[in-house]
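The next block holds one structure in the form of structure tokens; read it before the comments.
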Amino acid sequence: MPAKSLPQPTPETAMFWTKAKQHELWLQKCEETGKFFFPPRPASPFTGGPAVWERVSGRARLVSFNIPHRAAPGFEGEAPYIVAIAALDEGPNMLTNLPGAAPDPTTLKIGARLELTFEDRGDFSIPQFRLADSQ
């Protein structure tokens, strides 16, 4: 069985992965507009100008999900599982799994509150989101 994939950091993503290893979520923010963006890149997608890194809350809402019943490589034995899009309170969307949530579409509600968690894989910590306790 192949192992779950690991990130391949680049100069643009190195800070993201360094902070994730500390179980913190940091995103870039456009210096001119103040808007956060993801994924990391060399310049603001809004202005082409400079961006700064800032820690974000890790709070989000569920905006979409899919439940694969055929496992992707590294997820054998875990299907069905949830692949979801979390809309961060700060603006950007992130792809995530929903650890601990049942892969049952009748129990997943669009707009449900999510909170940040991390899955440690070797030398990396992968940011993920789970359903918040106060549903």
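No lab work stands behind these numbers, since they all come straight from the coordinates. In this text, all values refer to a predicted model and were calculated from it rather than measured experimentally. With ideal geometry, Cβ positions are generated from the backbone for all residues, glycine too; neighbour counts draw on all protein chains shown.
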*Between residue 15 and residue 85, what is the spin-label point distance in nm, taking each point 7 Å from the Cα along the Cα→C-beta axis?*
2.6
*Which lysines have a Cα lying under 23 Å from the Cα of residue 35, excluding residues fewer than 8 positions away in the same chain?*
19
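Suppose the chain between residue 119 and residue 23 were pulled fully straight at 0.36 nm per residue; how much longer would it get relative to their current alpha carbon spacing? If you can, show how the numbers build up before the last one.
On the way: separation 96, 0.36 × 96 = 34.56 nm, distance 0.93 nm.
Full-extension gain reported as 33.6 nm.
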_For the pair residue 76/residue 64, report the inter-label distance in nm, with labels modelled 7 Å from Cα in the Cβ direction._
3.0
*So between residue 43 and residue 55, what do we pick up on full extension, going 0.36 nm a residue minus the alpha carbon distance?*
2.5 nm
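Exactly which GluC sites (Glu not before Pro) in segment 1-63 are in a DSSP loop and have at most 16 other Cβ atoms within 10 Å? Display every interim value, and only then the final one.
Working: sites: 12, 24, 31, 32, 54; in loops: 12, 24, 31, 32.
Listed in order of number, the matching sites are 12, 24, 31, 32.
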